[in-house]
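To start, the structure itself, in structure tokens.
The numbers here are math on the coordinates, done by the rules we state, and not lab data. Everything quoted here is computed from the prediction, not taken from an experiment. Backbone-built Cβ (ideal geometry, glycine too); neighbour counts: all protein chains shown.
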RNA sequence: UGAUUCCGGCAGUCGCCAUGUCGCGGCCUUGGCAACGACACGGAGGAAAGUCCGGGCUCCAUAGGGCAGGAGGGUCGCUAACGGCGACCGGCGGCAACGCCAGGGAAAGUGGCACAGAAAACAAACCGCCUGACUUGCGUGUCUGGUUGCAGGGAUCGCCUGGAAGUUCCCGCGGCUGGCGCAGACCGAAAGGUUUCAGGCAAGGGUGAAAUGGUGCGGUAAGAGCGCACCGCGUGACUGGAGACAGCCACGGCAGGCUAAACCCCCUCCGGAGCAAGGCCAAAUAGGGGCUGAGCUGCGGCCCGCAGCGUUGAAGCCCGGGUAGGCUGCUUGAGGUGCGUGGCAACACGUUACCCAGAGGAAUGACUGCCUGCCCCGGACAGACCGCAAGGCCUGUUCAGGGUAAACAGAACCCGGCUUACGGAUUCACAAU
RNA sequence: GGUGGCGUAGCCAAGCGGUGAGGCAACGGAUUGCAAAUCCGUCACACGUGGGUUCGAAUCCCACCGCCACCU
């Protein structure tokens, strides 16, 4: 078990930061989505997961966009083992209810999709 | 009505970013360095927003000046500067405290003013009023016509419970006016047409957003700033004020509408771009330049050998531009607390605590408990008002329960403003009742 | 973060101080055996929102709202 999977921290190495990293995910991606969020992922061969976030200006104002990103980071940090060795890009759904979703609704949707991702890759 | 201040507090757990100290088995020039770890300390706003003005800073351009273009516009101050702020002046609104105002010039020039109206800017005259003339035009009826008036009548609306002054509508009566008739007169063969002319006036009517000062008295044929008084306007002097301007006196009969957020004139200001500015380091790949000058690549364990490329320059070394990427600019500043001095104030000066975010796909979050604030509901008590009473209703205090942690909103080089969004608490001053 | 531009019926649009053109679409009628095309007619809260200037603003000025493009 990779040490990064045990703790609940979120280091810089555990984030996707540069454009090229996002390109890689979008090229060989698998994806899934529901009414609240959309998920893209690929295996990275590092032994630990990495998180990338994309939130367009159409989602809302700066406060709404930052709130969405903070919540996703918090959920990712607490559920790292669920992601395995994958790069995961999370973006909000374009549906209007995505912006109004509470933390509970967001958690439910995101965890369901992460489970689905794990299932697909293992199979 | 105007302004001030604040945006939940404490504790715990899990995380993020920066700085400092210490540790370190990695790196190297033995003392440092990066990453990592531990500890300590700090970590969004009044608008951080819109990007509407003004600066700093950086690069580019630039002898000086002008034109074009853009912006501003009461006065005097403040300021680094401003389209900002302060005080004052003028106008408008409000009982008042106070609020609002792009607030220079229309007796420099050009343009515009639809429809209506006689006429929309040179002045003129449709109805009308007056005088005169003659060819005597002047009368009268009607319309659910238009318009206007009435100490008229009735209904209605609102204020309020009292009837006065009003609103709107209808009826009645009167004035003016329009259409259509009738009668008379004139012209014409008839159909039909016309129903004064000349001069004076600009009061009154009517049109319009706007019609060449307003009210009153005199005056006159009727009238008119034609004359006079008051008001308004203009010009000049005087007084007060730093000035905008105000007061007062004299003169002028009015100098000729509105529009400059129409062109324009006057005064003042403005070079352009923006931290994705700019500076430094610099991979991979492909070019460029210089020096040396004959090799290099493949096959292979190595040599020989063979093949390909190469003196139209192999290979090596060096240099330069420069992409990805990184570092920097990057937070000590027109900063700011308290006190003192000057000023009505904006603000300035002196002195003195303080260091108060520096991220970079972008940090302040998540969860729990207690306190506190606010909201909802119920009970008790006290007080005011209404009611004969039962009771109703409002305010305050207190207790129990439940909900909620707010609204607008997230630094991106930094300041000064403006504008816009926005829930509550807080304190102060003033005004009216 | 910065810099430009655009908002006129359901859609595409002209209009630059004085009743807001036109086309497509929609609806009704004519034509047709039925349609298409054609012809005639009709319709609508159309000037993004709020102030200001003016007698009068889609138009001029100011503020706001929304959308688009560019600077890597």
Checklist entry - Angle, helix A:103-122 long axis vs. longest principal axis of chain A, Cα atoms, 0 to 90°, nearest 10? => result 40 degrees
Checklist entry - Say R0 is 35 Å: what FRET efficiency, to the nearest 0.05, do residue A:85 and residue A:64 get from their beta-carbon distance? => result 0.65
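Kindly put A:38, A:25, A:88, A:63 in sequence by how many other C-beta atoms sit within 10 Å of each C-beta, fewest to most. Could you put the intermediate results ahead of the total?
Values: A:38 18, A:25 21, A:88 24, A:63 8.
Ascending Cβ contact count within 10 Å gives the list A:63, A:38, A:25, A:88.
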Next on the checklist: Between helix A:62-78 and chain A, what is the angle of the helix's C-alpha long axis to the longest principal axis, kept within 0 to 90° and rounded to the nearest 10?
Outcome noted: 30 degrees
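Please work out the ratio of the alpha-carbon Rg of the range A:5-51 to 2.2 N^0.38 Å and round it to two decimals.
Numbers: Rg = 11.9 Å, N = 47, 2.2 N^0.38 = 9.5 Å.
After normalising by residue count via 2.2 N^0.38 Å, the value is 1.25.
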Next on the checklist: How far apart, in nanometres, would the label points at residue A:94 and residue A:56 be if each is projected 7 angstrom from Cα along the Cα-to-Cβ direction?
Outcome noted: 0.6 nm
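Below 8 Å between Cα atoms, with a sequence gap of 6+, how large is the relative contact order for the range A:30-83 in percent? Walk me through the numbers on the way to the answer.
Values: 21 pairs, mean separation 12.8, N = 54.
Worked out over the range A:30-83, it gives 24 percent.
Please compute the contact order of the range A:12-122 in relative form: average sequence separation of alpha-carbon pairs under 8 Å and at least six residues apart, divided by the residue count, as a percent. Working shown, then result.
Details: 152 pairs, mean separation 39.1, N = 111.
Reported as a whole number, the value is 35 percent.
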Checklist entry - With labels modelled as points extended 7 Å from the Cα through the Cβ direction, what inter-label distance (nm, one decimal) is found for residue A:8 paired with residue A:102? => result 2.1 nm
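For the range A:31-111, take N as its residue count and report Rg(C-alpha) divided by 2.2 N^0.38 Å. Let's see the in-between values first.
Values: Rg = 12.3 Å, N = 81, 2.2 N^0.38 = 11.7 Å.
Normalised by 2.2 N^0.38 Å, the Cα Rg of the range A:31-111 equals 1.06.
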Checklist outcome for this item: Residue span residue A:15 to residue A:46: 0.36 nm per residue of separation minus Cα-Cα distance leaves a gain in nm of 9.9 nm
